[in-house]
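Structure first, commentary second.
The values are calculated or read from the model by the stated rules, or taken from the named source; none is laboratory data. This one's a predicted model, so the numbers in the text were calculated from it and none came from an experiment. A quick note on method: Cβ atoms are made from the backbone with ideal geometry, for glycine too, and the neighbour counts reach across all protein chains shown.
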Amino acid sequence: MKKLALHSKILIGMLFGVLLGFLMLQFSWGKPFVQDWIEPIGAIFVRMLKLIAVPLIIASLVKGISDLKDISKFKSMGLKTILLYITTTVFAISIGLTAVNVFKPGEGISTETVVHLKKTYASNDQIKARIEEANKQKETKPLQFVVDMVPENAFKAMSNNKLMLQVIFFTIFLGISLLLVPEKQAKPLKIFFDSLNAVVLKMVDLIMLMAPIAVLSLLATVIVTTNDINILLALLRYAAVVVFGLLLIVGVYLILISVYTKKSPIWFLKQIAPAQLLAFSTSSSAATLPVTMERVEEHLGVDKEVSSFVLPVGATINMDGTSLYQAVASVFIMQVLWPEGLVFSNQLVIVLTALMASIGSAAVPGAGMVMLVIVLDAIGFPKELLPIGLALIFAVDRPLDMLRTTINVTGDATVSMLIAKSEGKLGEPHVQNWDDDYPKK
């Protein structure tokens, strides 16, 4: 196993996780066994990744900014990053709308299936929670998301991974201020963050040693907690449209990588694969962020000045996969429950609302459904049908969430390479292993 590449080990872990999950479903004691003894391994792994996410962002971003000689370069990079993320998100939403209007997956759903889904999920506690969360977000003022970016207490922001934008704001403020004080005064703090950055990256390497076992745990848990297989089959056509759209987005990424950076698309996918597989297993781009940063910097050759800004921002505002899902899910629900709402003006509203909803949305499992409620409300979808609409897609939401999170992370890595190339900061990979500095006997 030692000679296998990390992504191969993770794939093997995923395969055994799926097999273990289906095997445990054959026994009455299987599901409790997995939840009691297997699931904690994956939970610990995800917690460890989240544990180092904030320290890594702070150390990496401060180091990246403080290494800049010309602060105007940071302004240029920031503007290009935001514009590129917005562009790819709009493109993703457009792909989703095109695919769902061409294939019309809603026409394949029978009345019996709708009734069954309504009975099964319409009163589900998770669906109620998503609707309540969306209602809270809709009540906020137009510029509230800008206000929410500025923390009242930096330490409070650092204690909550959902406040990633606040951490980024504070860190950028700190890094720029570090550039503006005399070098003699800035040097001790810069040395501290340089050292912290190196140590946290080594922590990523150590945590990744348990990745194959962790994804086995995560996938086995997903399998044993999967809902009625017959319902999943009934929604297969809808799921297939989402997957098709996601694959088209990946194709766009690979074309950009090949044409603009002159790098091999196959090489790109191979280097970023561990981050993609973890994103798939955890359904959280925030939890995957430390691994994404490590792969992009060490394996893709993106300079820390770029990756330390582009990737944390991307984990928060760049949700290409999730935004495409909003488009497909919204139209699919209308095709089944509200066909009279299928007009061009509503689909234009979907593009604008899905784009705005993606900015600042939590990079955690389930955030996509909260965004979907906001999108449906914006087009005037009947409120009494909303629980039924969410029930339609709830059964396949988790597997699709895993896939769209993978696309989100791939998009972050793609944009970081494009920005690095435009800034002249795309170099050769410099891979570091967990035991490089450990004395060899």
Inset, instruction - Hey, could you check region 194-203 for residues that are surrounded by 20 or more Cβ atoms within 10 Å (Cβ to Cβ) and either at positive phi or hydrophobic (A, V, I, L, M, F, W, C) (or both) and say which is modelled with the highest pLDDT? - result: V200
Inset, instruction - Scan region 52-79 for residues that are under 24 Å from the mean Cα position of the chain (by Cα) and surrounded by fewer than 15 Cβ atoms within 10 Å (Cβ to Cβ) and jot them down. - result: L79
Inset, instruction - Determine, yes or no, whether V349 is at pLDDT 85 or above, buried (at least 17 other Cβ atoms within 10 Å of the Cβ) and either touching a helix residue (DSSP H, G or I) at 6+ places or on another chain (Cβ under 6 Å) or more than 21 Å from G108 (Cβ to Cβ) (or both). - result: no
Inset, instruction - Give me the pairs, please: first residue somewhere in region 157-186 and over 17 Å from S308 (Cα atoms), second residue anywhere and surrounded by fewer than 21 Cβ atoms within 10 Å (Cβ to Cβ) and of a type in the set (F, W, Y), beta-carbon distance under 9 Å, and either six or more positions apart or on two chains. - result: A157/F169
Inset, instruction - Tell me which of these V336 doesn't satisfy, since it passes every other one: (1) outside any loop (DSSP other than H, G, I, E, B); (2) modelled with pLDDT of 90 or more; (3) not hydroxyl-bearing (S, T, Y). - result: (2)
Legend entry - Residue among F332, F309 that is more than 19 Å from I393 (Cα to Cα) and aromatic (F, W, Y): F309
Legend entry - Unmet requirement for E297, which otherwise passes all of (1) in a helix (DSSP H, G or I); (2) surrounded by fewer than 21 Cβ atoms within 10 Å (Cβ to Cβ); (3) of a type outside the set (F, W, Y): (2)
Inset, instruction - Show the residue pairs that are 6+ apart or on different chains and have beta-carbon atoms under 7 Å apart, the first residue being within region 378-393 and over 17 Å from R237 (Cα atoms), the second being in a helix (DSSP H, G or I) and of a type in the set (D, E, K, R). - result: I388/K118
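I need the full set of residues from region 387-426 which are assigned to a loop (DSSP other than H, G, I, E, B) and farther than 30 Å from K75 by Cβ, in order please.
A395, V396
Condition check ((1) more than 30 Å from I419 (Cβ to Cβ); (2) in contact with a Gly (Cβ under 7 Å, 6 or more places away or on another chain); (3) not polar (S, T, N, Q)) across all residues:
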{"site": "L79", "(1), (2), (3)": "no, no, yes"}
{"site": "V90", "(1), (2), (3)": "no, no, yes"}
{"site": "A99", "(1), (2), (3)": "no, yes, yes"}
{"site": "H116", "(1), (2), (3)": "yes, no, yes"}
{"site": "N124", "(1), (2), (3)": "yes, no, no"}
Inset, instruction - Please verify whether region 378-386 includes one or more residues that are aliphatic (A, V, I, L, M), in a helix (DSSP H, G or I), under 22 Å from I109 (Cα atoms) and under 19 Å from the mean Cα position of the chain (by Cα). - result: no
Inset, instruction - Return the only residue of I272, I317 being of a type in the set (V, I, T), surrounded by fewer than 24 Cβ atoms within 10 Å (Cβ to Cβ), under 26 Å from K162 (Cα atoms) and under 18 Å from the mean Cα position of the chain (by Cα). - result: I317
Inset, instruction - Select, from V100, V114, the only residue that is surrounded by 22 or more Cβ atoms within 10 Å (Cβ to Cβ), farther than 30 Å from V181 by Cα and either in contact (Cβ under 8 Å) with a residue 12 or more places away in the chain or over 19 Å from the mean Cα position of the chain (by Cα) (or both). - result: V100
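This table checks each residue for (1) surrounded by 13 or more Cβ atoms within 10 Å (Cβ to Cβ); (2) over 23 Å from the mean Cα position of the chain (by Cα); (3) aromatic (F, W, Y).
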{"position": "V167", "(1), (2), (3)": "yes, no, no"}
{"position": "L178", "(1), (2), (3)": "yes, yes, no"}
{"position": "P182", "(1), (2), (3)": "no, yes, no"}
{"position": "I191", "(1), (2), (3)": "no, yes, no"}
{"position": "M210", "(1), (2), (3)": "yes, no, no"}
Inset, instruction - Return yes when L216 is under 30 Å from T120 (Cβ atoms), among the hydrophobic types (A, V, I, L, M, F, W, C) and buried (at least 17 other Cβ atoms within 10 Å of the Cβ) and no when it is not. - result: yes
Inset, instruction - Could you give me the residue pairs with C-beta distances under 6 Å whose first residue belongs to region 21-33 and is surrounded by 15 or more Cβ atoms within 10 Å (Cβ to Cβ), whose second residue is not aliphatic (A, V, I, L, M) and not in a helix (DSSP H, G or I) wherever it lies, and which are 6+ apart or on separate chains? - result: none
